[in-house]
Amino acid sequence: MQSPHNNKISRLVIAGGGTAGWITAAVMAKTLGDTVDITLVESDAIPTVGVGEATIPPLINLHGVLGIDENEFVARTQATFKLGIAFENWRVPGEKYFHSFGFAGQDCWACGFQHFWLAGKQQGVAKEYERYCPETRAAAEGRFSAKALNYAYHLDAGLYARFLREFAEKLGVTRVEGKIQHVDLQPDTGHIRSLQLEKGTEVEGDFFVDCTGFRGLLIEKTLRSGFEDWSHWLPCDSAFAVQSASVGKIVPFTRSIAHASGWQWRIPLQHRRGNGLVFSRDFISDDAARALLVDNVEGELLAEPRQLHFRAGVRRRQWLKNCVAIGLSSGFLEPLESTSIHLIQRSAIRLAQLFPVHGVHECEADEFNAQAYNDYEKIRDFIILHYKVTDRTDSEFWRYCRSMSIPESLERRIALFRRTGKIFKEPSELFSEESWRQVMMGQGIEPESYHPIVDTMPGENLKHFLSSLEQDTVRKVQSLPDHETYIAQHCAAEK
């Protein structure tokens with residue numbers, strides 16, 4: 001796979017809009033300026049999935065790169081702020097824990113804070129782990145400040161796509177409306193030459209980005225990239241999503257509520273709530289799943305529940321010939337940890353870094369594919385963790401999850417933490433050591449030992465250390481404004 005070195009890429013075509021298409025368009029336009037003509041093709045007749053309404057903190061970095069004003073973005077997308085995810089019923093029914101975007105306590109050079117906390121717990125001088133994390137406490141008390149906490153957003157995905165479209169078009173991106181009828185290939189190389197639209201328009205390009213969602217119209221249906229199926233580790237294969245009227249206070253966190261055959265999300269926006277039920281059709285029928293979601297929605301339904309079908313896994317090659325898949329066309333991991341938009345962001349930035357200005361070369365595609373696969377693989381393991389490590393035996397679904405085999409990479413990480421309390425991550429890995437320990441302890445793993453450096457601290461010093469950290473957390477959180485008050489003062493949407 002190699003085109004001549006002087007075969008300059010001057011026309012970039014993005015197939016598909018939505019969040020994936022318009023993030024890619026914005027990143028590429030910001031990066032390439034007017035050195036490359038960028039065209040985005042999308043059909044008004046094809047609805048976007050548009051249910052990925054929860055995000056994680058790296059989106060703030062993307063907006064910084066693009067130069068997007070936070071208050072304007074929040075107001076325009078009816079967004080709220082997110083400090084983490086409340087996991088309910090995941091270990092056992094009736095129990096919950098919080099996976100925050102913050103960091104508990106204080107690490108030392110040799111080990112993480114959890115080792116000091118474990119020793120303090122054995123000595124009876126430590127309080128609950130979450131009491132040492134400002135984001136967890138602020139979420140529980142409904143407080144927020146962008147200057148004091150680690151955070152992300154809840155947003156309206158449809159409004160976000162429109163916001164990004166306006167941003168990208170100001171940078172020179174051209175939008176062509178139409179449904180893609182056929183993909184033409186170059187007979188000598190097998191590279192994509194053009195997109196033929198139903199209305200007769202032909203859109204030619206030198207390089208193409210597939211943002212056509214689950215269809216994978218370019219990367220799979222045309223180029224036959226192949227798919228690596230992970231559904232034996234992540235058995236959920238369907239979801240119902242529905243919007244509902246706002247009820248109660250706008251909390252600064254996502255709720256993830258486990259049920260007998262899957263889990264339900266609740267996401268608060270300024271103008272409504274987002275709801276959904278992710279489930280496995282091997283363990284519950286569509287009708288029963290829909291009824292379960294409707295029965296557990298707070299507030300009036302604003303539409304009929306919409307069903308989505310999916311399969312967990314990843315394209316074998318996300319960059320193939322002169323095409324890169326970004327978004328759902330590249331693979332799918334269920335939205336349990338709100339990583340969908342992050343994976344779009346990562347691939348768009350990676351494409352900007354590796355963009356083949358002087359023609360497509362295999363070395364660039366190989367590097368892109370290796371990095372993209374690693375992103376998916378590490379997030380995959382983190383999501384599997386939530387299902388595998390559980391004490392639930394109350395349904396066939398949870399018994400399957402408890403007994404299923406898991407990737408060796410995850411098996412090794414769980415064993416290390418269970419025995420020693422230690423966690424290590426690769427530099428490029430998304431989830432921090434703190435995220436891993438919050439979820440592993442929340443799901444029920446209590447390490448058998450802690451790092452010996454902790455025992456060099458006398459008992460009274462450890463007690464004072466833990467007490468001071470807890471008091472500092474209390475003072476910090478109590479100084480923060482109410483979440484709804486913060487939104488009203490800084491970034492309220494127009495009524």
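Read the figures in this text as sums done on the coordinates, not as results from a lab. What you are looking at is a predicted structure, and each value in this text was computed from that prediction instead of being measured. Neighbour counts run over all protein chains shown; Cβ positions are idealised from the backbone, glycine included.
Normalised by the number of residues in segment 145-244, the mean separation of alpha-carbon contacts (under 8 Å, six or more apart) gives a relative contact order of 12 percent. Sequence-ordered 3J(HN,Hα) estimates for segment 428-443 from the Karplus curve with 6.51, -1.76 and 1.60 and θ = phi - 60° stand at 8, 6, 5, 7, 6, 4, 5, 4, 4, 6, 4, 6, 5, 6, x, 7 Hz, glycine and proline given as x.
In terms of other Cβ atoms within 10 Å, D210, D472 run from fewest to most in the order D472, D210. Taking K147 as the anchor, which lysines have their alpha carbon closer than 19 Å to its alpha carbon, excluding any fewer than eight residues away along the same chain? Within the straight-line limit of under 19 Å, K147 reaches these lysines: K82, K476. Roughly how tilted is helix 18-32, in degrees to the nearest 10 and between 0 and 90, from the longest Cα axis of the chain? It works out to around 80 degrees.
Counted residue by residue at 0.36 nm each, then reduced by the alpha carbon distance between them, the extension gain from T35 to Q478 reaches 154.4 nm.
Computed about its Cα centre, the charge dipole of segment 238-309 is approximately 320 debye, with only Lys, Arg, Asp and Glu carrying charge at their Cβ.
Segment 299-352 and segment 397-469 have Cα centres separated by 29 Å. Compared with the dominant principal axis of the Cα atoms in the chain, helix 157-170 is inclined by about 50°.
Split the chain at each of the chymotrypsin sites (Phe, Trp or Tyr not before Pro) in a DSSP loop with at most 10 other beta carbon atoms within 10 Å, and the longest piece is 110-423.
The helix-based estimate of mean residue ellipticity at 222 nm for the chain, built from -39,500 (n - 2.57) per DSSP H run of four or more residues and divided by its residue count, is -11000 deg cm²/dmol to the nearest 500.
Shape summary: segment 392-450 maps onto an equivalent ellipsoid whose semi-axes, from the alpha-carbon gyration tensor, are 22, 14, 11 Å in decreasing order. Give me the net charge for the shell around V92: Cβ to Cβ below 11 angstrom, other residues only, Lys and Arg +1, Asp and Glu -1. Local net charge: -1.
Taking every DSSP beta bridge with both residues inside the chain, roughly what % is antiparallel (nearest 5)?
Bridges in the chain that DSSP calls antiparallel: roughly 70 percent.
The relative contact order of segment 238-309, computed from alpha carbon pairs under 8 Å that lie at least 6 residues apart in sequence, is 46 percent.
Computed extension gain for R418 through A303, at 0.36 nm per residue and net of the alpha carbon distance, reaches 36.9 nm. Qualifying trypsin sites (Lys or Arg not before Pro) in segment 401-451, where qualification requires a DSSP coil assignment and no more than 16 other C-beta atoms within 10 Å, comprise K425. Across segment 341-356, computed HN-Hα scalar couplings (Karplus, 6.51 cos²θ - 1.76 cosθ + 1.60, θ = phi - 60°) run 5, 4, 5, 4, 4, 4, 5, 5, 5, 4, 5, 4, 6, 9, 4, x Hz from first to last residue, x flagging Gly and Pro. Along segment 230-245 the Karplus relation, 6.51 cos²θ - 1.76 cosθ + 1.60 evaluated at θ = phi - 60°, assigns HN-Hα couplings of 10, 5, 6, 9, 10, x, 5, 9, 7, 8, 10, 10, 7, 9, 9, 5 Hz to successive residues, with x for each Gly and Pro. With one equal scatterer per alpha carbon and no solvent term, the Debye-computed log10 I(q)/I(0) for segment 268-337 at 0.14, 0.26 1/Å reads -0.63, -1.21. Amide H contacts of R143 (H built 1.01 Å from N, in plane; Pro and chain starts excluded): H483 sit under 5 Å, all sequence-distant by 5 or more or on other chains. Entry for segment 20-129 at q = 0.13, 0.16 Å⁻¹: log10 I(q)/I(0) = -0.81, -0.99, Debye formula applied to identical alpha-carbon scatterers, no solvent contribution. Residues whose amide H comes within less than 5 Å of that of S43, counting only those at least five positions distant or on another chain, are G17, G178 (H built at 1.01 Å from N in the peptide plane).
In the chain, Cα pairs under 8 Å separated by at least six residues give a relative contact order of 24 percent. Relative to the longest principal axis of the Cα atoms of the chain, the long axis of helix 286-295 lies at roughly 60 degrees. Of the Cα atoms belonging to segment 238-309, the radius of gyration and Dmax stand at 11.8, 36 Å.
Which of the trypsin sites (Lys or Arg not before Pro) found in segment 103-160 are in a DSSP loop and have at most 10 neighbouring Cβ atoms, other than their own, within 10 Å? Passing both the DSSP loop test and the Cβ count: K147.
Which pairs, out of K8/K321; K127/K425; K179/K221; K30/K378, put more than 18 Å between their alpha-carbon atoms? Distance filter (> 18 Å) returns K127/K425; K30/K378. In this structure the amide hydrogen of S338, modeled in the peptide plane, comes within under 5 Å of no amide hydrogen from residues 5 or more places off or on another chain.
Taken about its Cα centre, segment 1-129 carries a charge dipole of about 380 debye when Lys and Arg each add +1 at the Cβ and Asp and Glu each add -1 at the Cβ.
To the nearest 20 debye, what is the magnitude of the charge dipole of the chain about its Cα centre, counting +1 on the Cβ of each Lys and Arg and -1 on the Cβ of each Asp and Glu? It comes to approximately 460 debye.
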